[in-house]
Amino acid sequence: MKLNFDSSYHIGERCYKSPDGIIYQIAEDGQSACVKSSDEDIIVDANIAEEIEVDGNVYAVTKIRVAAFLKRKNLKTVSLPKSLLIIEDHAFEECDLDSITFEKNITKIEMYAFYRARTNKLILNGCRGINLSSLSEVSNLYCDSFDTLLGLGQRGQCWDVNIFVEGKEITKGAMEVVVRKTMEKVHKIYPRT
């Protein structure tokens, strides 16, 4: 999805506000854009644009900044663009999300990006290198493959999480899931062919 902004959407230095309350900012280097913040009464579904266009120039949205959706209690689902690379600290702190999907392009989710955010359904589509500690209150973790699960942070842990890989449940309400040790059990239950 690409958003086109004209001067009526301009709200500050390099900042533009979309009709749904998401505030985008063009990076200082003029090469990309980020989600800077959002209205406190943001709608239930946040569809973050893959690109924004301002005065004929197109900018890929590559980052969600610190505290962009902090304590947005109305927010339930988030659609992240494939252009997104980084989610900074406290971006979704204290949100109550029904679902969120991470694509493989995401290279970094900072440690407190989802601090005290309750998330019912987290879907990882090839996303690797995420420390599970940043997603500490996830109820159901869905991975598109065993490789995605293996790519999670080595010391990451979640409490009372149900893990599904390729649609199959591999743990149910585990008190603690340490990814590398869990994988040993996974290969016994679902041997690779």
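The values are calculated or read from the model by the stated rules, or taken from the named source; none is laboratory data. It should be emphasised that the depicted structure is a prediction, and the values quoted were computed from it without experimental measurement. A quick note on method: Cβ atoms are made from the backbone with ideal geometry, for glycine too, and the neighbour counts reach across all protein chains shown. The accessibility values were calculated without ligands, DNA or RNA, using every heavy atom of the protein model including side chains. Shrake-Rupley method; radii C 1.70, N 1.55, O 1.52, S 1.80 Å.
Values as computed for the structure displayed
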quantity	calculated
Of the criteria (1) modelled with pLDDT under 85; (2) open to solvent by less than 30 Å² (accessible area, probe 1.4 Å); (3) touching a strand residue (DSSP E or B) at 6+ places or on another chain (Cβ under 9 Å), which one GLU88 fails	(1)
Meets criteria (touching an Asp or Glu at 6+ places or on another chain (Cβ under 7 Å) and in a strand (DSSP E or B)) for ALA60	yes
Hits in the range 1-46 - residues which are part of a loop (DSSP other than H, G, I, E, B), at pLDDT below 85 and either among the small types (Gly, Ala, Ser) or more than 19 Å from LYS76 (Cβ to Cβ) (or both)	ASP6, GLU13
